[in-house]
1. How far, in whole Å, is the nearest Cβ of chain C from the axis relating it by rotation to chain B, and which residue carries it?
2. Averaged over its residues, how many other protein chain Cβ atoms are within 10 Å of peptide A:289-301's Cβ atoms?
3. Can you give me the solvent accessible area of residue B:110 with a 1.4 Å probe, rounded to the nearest 10 Å²?
4. What residues from the range A:174-211 fall in the zone where the backbone N is under 20 Å from a label point 7 Å along the Cα-to-C-beta line of residue A:267?
5. Say the dipole of the range A:1-62 comes from +1 at the beta carbon of Lys and Arg and -1 at that of Asp and Glu; which of A:44, A:33, A:59 then lies farthest toward its positive end?
6. Sort out for me the Cα centre separation of the range D:24-39 from the range B:34-65, rounded to whole Å.
7. Would you mind giving the three semi-axes, in whole Å and largest first, of the ellipsoid equivalent to the protein assembly as shown according to its Cα gyration tensor?
8. What is the average number of partner chain Cβ atoms found within 10 Å of a Cβ in A:329-336?
There are 4 protein chains.
Amino acid sequence: MTRRAEIHRISMSGPSDVSGIESLIASGLIKAGQIRAILGKTEGNGCVNDFTRGYATQSLRAMLSCHLSGGEIDRLPMVMSGGTEGGLSPHWILFCETESGTDSGPALAFASAITRDLKPSEIGRQAQAELTCDAVLDAMKQADISRPEDVHFVQIKCPLLTSERVAEADGDVSTSSMLRSMGLSRGASALGVALALGEIDQIPQNSIGNDHDLWSSRASCSSGIELMACEIVVIGQSASWSGPLRAAHGVMTDAIDATSVANLLAQVTPSRIIQGGPERMLAVLAKAEASSNGSIRNSRHTMNEDSDLSATRHARAFVGGLLAGMVGHTELFVSGGAEHQGPDGGGPVAIIYSTT
Amino acid sequence: MTRRAEIHRISMSGPSDVSGIESLIASGLIKAGQIRAILGKTEGNGCVNDFTRGYATQSLRAMLSCHLSGGEIDRLPMVMSGGTEGGLSPHWILFCETESGTDSGPALAFASAITRDLKPSEIGRQAQAELTCDAVLDAMKQADISRPEDVHFVQIKCPLLTSERVAEADGDVSTSSMLRSMGLSRGASALGVALALGEIDQIPQNSIGNDHDLWSSRASCSSGIELMACEIVVIGQSASWSGPLRAAHGVMTDAIDATSVANLLAQVTPSRIIQGGPERMLAVLAKAEASSNGSIRNSRHTMNEDSDLSATRHARAFVGGLLAGMVGHTELFVSGGAEHQGPDGGGPVAIIYSTT
Amino acid sequence: MTRRAEIHRISMSGPSDVSGIESLIASGLIKAGQIRAILGKTEGNGCVNDFTRGYATQSLRAMLSCHLSGGEIDRLPMVMSGGTEGGLSPHWILFCETESGTDSGPALAFASAITRDLKPSEIGRQAQAELTCDAVLDAMKQADISRPEDVHFVQIKCPLLTSERVAEADGDVSTSSMLRSMGLSRGASALGVALALGEIDQIPQNSIGNDHDLWSSRASCSSGIELMACEIVVIGQSASWSGPLRAAHGVMTDAIDATSVANLLAQVTPSRIIQGGPERMLAVLAKAEASSNGSIRNSRHTMNEDSDLSATRHARAFVGGLLAGMVGHTELFVSGGAEHQGPDGGGPVAIIYSTT
Amino acid sequence: MTRRAEIHRISMSGPSDVSGIESLIASGLIKAGQIRAILGKTEGNGCVNDFTRGYATQSLRAMLSCHLSGGEIDRLPMVMSGGTEGGLSPHWILFCETESGTDSGPALAFASAITRDLKPSEIGRQAQAELTCDAVLDAMKQADISRPEDVHFVQIKCPLLTSERVAEADGDVSTSSMLRSMGLSRGASALGVALALGEIDQIPQNSIGNDHDLWSSRASCSSGIELMACEIVVIGQSASWSGPLRAAHGVMTDAIDATSVANLLAQVTPSRIIQGGPERMLAVLAKAEASSNGSIRNSRHTMNEDSDLSATRHARAFVGGLLAGMVGHTELFVSGGAEHQGPDGGGPVAIIYSTT
């Protein structure tokens, strides 16, 4: 007996539009209890005052409350990422585990785990990385993924520091800036993933937020005010799962590294690397960011000096354009804030695709 | 004897940075008198209150005044286009005509022309299109390009309506909105190009700004407050010119049409369509815009509803990312506002490349 | 027996923060059934992609569903206005009618009414104005306000046109632009108020959106996608109501008309017109907009040319600063989009204050 | 014999519009050699990528080069401040010293001074404050102002750190962030003013950028990339100067402190504190900023969390609205970034007015 995964990518007409998910449930195509995680790419600015994430989550929870208990909803990872700059398109991605089958694997596999609540003093520090590492290993076990190389993406939602939390910690915190704590928390989580996957051996003192040479090729982290634990979704492949779905990943070394993307897509459609099979690309998950040195292959970019428009918005639009051109559709989960997630200025890219 | 073209693409560290051009002149690599046109991609927002265009032009004129007379400077087309969203990089492109040679063509060819000053009542209307058509034909003659199919890009700078100009025309104008007049002027110019190149036979009543099915595959128009005439630079190939430079063009049918871009690049590096020869791609000139129907291949985009960020900024970043990924560098002249310049949501792309 | 009004102004920490209202209900200070209307000033951009309005409404409805039936909630006017630019502070204003008393009036009085659903072809046109006029008269009757001069503010929420609605009307619409329909709908509603209050005798052909000389001194209109009817809240004074609360209004003739504001405030605290009694100013309701001629008392403003920042955001911040300085607190309901609501560049200002 | 001052406030239609100044010179009303300082309020975003400051300066210099030598232009303080949010109006302020007269003073007096070039390691530190203190005392001497209480405003332009300058200092710098260095440099300059004017006795270790309780009531500082020295313009009153012009100042304790503004204006028009004499208010110079604690009189503001719009833009619009309402015109020099310039969230306000 093998487990089976289903992925549903569903358009949304706004942050409160859960009608597509509701229809799937109403039609019997999926059961609410089969949903293991929900990702949402919403159309806010993806920065501090982006209320589309909370609005989408509130809408999801209200809809799901007709089908699941409060506890079940609380345990369901829901990761909203704001920002559909350029031509990117708002959408939901549902990770479902359906009835098991008798086919043999390997195939797409996933599972989630959650750390204990962090103390404010642990956010953005070694402790967070270690707790994350343990949770990644736990989720791998839940997903029956034994080898690190079979992990293709780790989506994490992690906490940040507010002034209340800084006060609670009597100032023993990684930073007292809310904005900066978001980056440090993402970075600490990413290094936790790197540790779990054997991409690094240890996390040196003072490396979080500083040493751009340490990174995970599969971590994708976003920080949110609404939780104190780290929620982890591990996505990969396992022989214990069957069916037509697969996962793969690559790393963009900079913001215009179409070559790496082409190599990744060639795994799916070797004969046509540009838009070889848009309908088979069920989910595209990527991180984008402006390089900190202000240039791309020695040409200056202006993302870090634009006081009208956050660098993360620039980066999502730009990398989103490249990926959409290569893949052939615009429902891509491109997310910003890539500290220790891929090299500086670049980032991980994962695809979930169908072999049929 | 054949004419010879040189293209210099020069980075700028800000709108007033003309040092790269100055160095070229000082070193003797080019003579100021050989410059036939200057394009500049500056880092403003590309919209109404983008002062980087005027600042760059003022800086250029001050620098050139050491080398050219006022009249010569006035006759030199300088087209500044604001907006280096995403990872695009601010740069100048110099079109120079050097000493003639004895090689045979065909090779890159260009020339400029200018219409008479338009009356305010002519802006955005049939009259503008017809004057533009005549000037395109005139510039083709100057460039020794006889066949329309040898024209690969027509860069135009055209006037717009201000409240003073509307008053001057006693209200007999295409629109009394300054912003809307920019689009109508660009559109009228583009249809003038289409007429000159035989892409359309005539310009039907009321088609300017309305009939999205009429467009030129080679027009690129921007409107500016500082002139009342239309300034035209025709870029193409001619047997009267020699040297290693060539021009080619394609049309993106929508914002993610990487296939058309790949086909265009394949003319230069057939064996490697992705980043096959960044250093040979001397200039990449493209138009980008958000589709008016709000979607790309049936997926909703949010560019037209984003009140924080102009749709033209979204579009430049997104298409810029795709092009940069395909070409392999970020000094691309991607410009917004593509009325009748390529199909709705798409746009023309031209490359000037070296065969060596 | 006289009716009695209570006004509660409640801070919100975000669009979903209804805890302040919940506490009032939980403590027994108000009963949910006494709420007659809820206004909310939320922290979005106040423009097309402002999701804080929908998020706040969704949060309100979820909270109220523990206390009221679905039908009662549907009939409760909830008017969310986005935009707390500058130092303005997000807040709710609850209009409650409590147990009647034996004191004599006059005092603050209010009531709401709703038109039938509009046809798309009626939006932004005469028909909308007339329906609004009737509903204002109806709400005045509900509030026991017989004289037009006793009406001090009329808050209206009205529909807009979408492409679906334009199609439904077979193109027989006031405009096919969604953004423009918002202004025409606000303007038609405002002229309906002017008609009801005897400020104008009739609505001349083609005056909606064009004739800036026609305006109401007490209309405040906002358009939203979520309804097809016009929801009207009339605020004034009536001898049938008693208690310590009063209403008054003035009109700012331009964006810096502090003199009119001072005259209005002098009705409350004649001895000290600047910040004479911040705690007595329970609600301040105002409209702000950038003058269409581009200047304020012959000095140019840049609000209409700023492509990075909507003119409505500029106007709310600027007029908000003036009002906050005069009143002495920042929880002010300053709203943008003032077509036919006060003179061009100015707008109505109303206060609800306590005499004790 | 006494010295005499003239102030000319001149509208500008854009950053390059120096025509108003040119006309004054051409008409003989002023001589270029009489100009002692030029302030400009330009319409950019006032943040990092605001090119209107450089564009305005370049335009000024080109115009002045017909009247003054290069050295004279270099010694003339030109302080451009970006940001005319809300209804503020772009303008120039010329400080001229005309022929001396025989009237007796006191009257408006001013002079400028400049420090030596700072080393990168000195920027934002004690050394900068001390050099500034000395230069303020020097300018006071030049202006014949002997008593600190006769100084009403000190406008300073000071340097910032770039990555090159950080490298030059081998990392021995106050901060390696360009943006943060702007604030530290402004703060260090402001504390230098406070020291010179006896507002503080010393600058404690680590107080720059940290101790919000230390501030000058008359400092107004802006940092720019184009200089390494601090340029200082001291404005005050002196018995050695005569004529109808006067200066006065106050301090807003927070962003809505209209009471302090009223008290200041009452010095000019005691009988009518609101818009008592707009035409006599030749120049209004003020600093504005968002309070760091996120609230104004205990009501939350959203300026610090708005990722679409810089807090400095919010603050200029908001305080600008208050000041314009009180003064009665919109050509106000309201500037952002008020570290150690007035209390946290408030700022200095100075007026230059005519007694006739």
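The values are calculated or read from the model by the stated rules, or taken from the named source; none is laboratory data. Since we're looking at a predicted model, the values are computed, not measured. Glycine also receives a Cβ, built like all others from the backbone with ideal geometry; neighbour counts cover every protein chain displayed. Accessible surface is based on the protein model in full, side chains and every heavy atom, while ligands, DNA and RNA are left aside. Shrake-Rupley method; radii C 1.70, N 1.55, O 1.52, S 1.80 Å.
1. Minimum Cβ distance to the axis, with residue: C:308, 4.
2. Partner Cβ neighbours, averaged per residue: 5.
3. Ignoring ligands and nucleic acids, residue B:110 comes out at about 10 Å².
4. A:193-200
5. Farthest towards the positive end: A:33.
6. Rounded to whole Å, the Cα centres lie 29 Å apart.
7. 46, 43, 35
8. Neighbouring Cβ atoms belonging to other protein chains average 3 per residue here.
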